[in-house]
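The values are calculated or read from the model by the stated rules, or taken from the named source; none is laboratory data. All of these numbers come straight from a predicted model, not from anything done at the bench. Glycine also receives a Cβ, built like all others from the backbone with ideal geometry; neighbour counts cover every protein chain displayed.
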Amino acid sequence: MKKISGDVTILVDREGARIEVRDKNASLMIVDVKMSPENFMAALGRVGHCPAEVQVTERPERIGTMMKVDTIEFPLPAVAKKLYGEACAKIAIKEADKFCARYRPGWTPDTYYGSHGSFFLDKEGKLKWARQTIRKWE
């Protein structure tokens, strides 16, 4: 078994209990466990093998890695200058993927373009650019 630096959160209310286990360095939830109040109390009373709903990360290859974060800026096609909101974001997502594949292999761009600084015009006001957070796990 491999040892990693992790965090555990246990949340309990009338609906039951939720236990989250996160890989601290990869900033990744590894396991999310949900238990009914009865099963959680049984587990606290040292009853073994209590039923639970368990979700495991879809990215097990990232467990034990370190997440790195960076920002990229890239020009958008001319057609994007007149677009706003979701229409512009769709173009930016495709362009970010192309940019990372060409200039930053192994990095994954986020798909959120809702912040104030996500899009901007160049100094001449001719070309629209996008600013995006990218992530890499090593």
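Return a yes/no flag: does the stretch 12-35 have any residue that is without any contact (Cβ under 8 Å) to a residue 12 or more places away in the chain and surrounded by 11 or more Cβ atoms within 10 Å (Cβ to Cβ). Looking for residues that are without any contact (Cβ under 8 Å) to a residue 12 or more places away in the chain and surrounded by 11 or more Cβ atoms within 10 Å (Cβ to Cβ), one finds none in the stretch 12-35, hence no. Looking at the stretch 18-85, the strands (runs of 3 or more DSSP E) lying wholly inside it that each contain 3 or more residues that are under 22 Å from the mean Cα position of the chain (by Cα), among the aliphatic types (A, V, I, L, M) and within 30 Å of Thr133 (Cα to Cα) sit at 28-35, 67-75.
Only a single item in (1) within 26 Å of Trp107 (Cα to Cα); (2) in the same structural domain as Asp32 (by TED's automatic domain parsing) is not met by Glu73, and it is number (2). In the stretch 107-130, what count of residues is obtained for those that are under 30 Å from Ile63 (Cβ atoms), of a type outside the set (Val, Ile, Thr) and modelled with pLDDT under 95? Of the residues in that region, 5 qualify.
Would you confirm, using the coordinates I've provided, whether Lys81 is modelled with pLDDT under 85 and outside the structural domain of Leu28 (by TED's automatic domain parsing)? It is true that Lys81 is modelled with pLDDT under 85 and outside the structural domain of Leu28 (by TED's automatic domain parsing).
Within the stretch 104-120, take every residue that is outside any loop (DSSP other than H, G, I, E, B) and in contact (Cβ under 8 Å) with a residue 24 or more places away in the chain and give me the one that is farthest from Asp70 (Cα to Cα). Of everything passing the filter in the stretch 104-120, Phe119 is farthest from Asp70 (Cα to Cα).
Considering every residue within the stretch 52-61, establish whether at least one is loosely packed, with under 11 Cβ neighbours inside 10 Å and either touching a Pro at 6+ places or on another chain (Cβ under 7 Å) or on the phi > 0 side of the Ramachandran plot (or both). No, the conditions are met nowhere in the stretch 52-61. Of the residues Cys88, Cys100, Cys50, the single one that is more than 30 Å from Glu138 (Cβ to Cβ), free of Cβ contacts under 8 Å to residues at least 40 places away in the same chain and either in contact with a Phe, Trp or Tyr (Cβ under 8 Å, 6 or more places away or on another chain) or among the aromatic types (Phe, Trp, Tyr) (or both) is Cys50.
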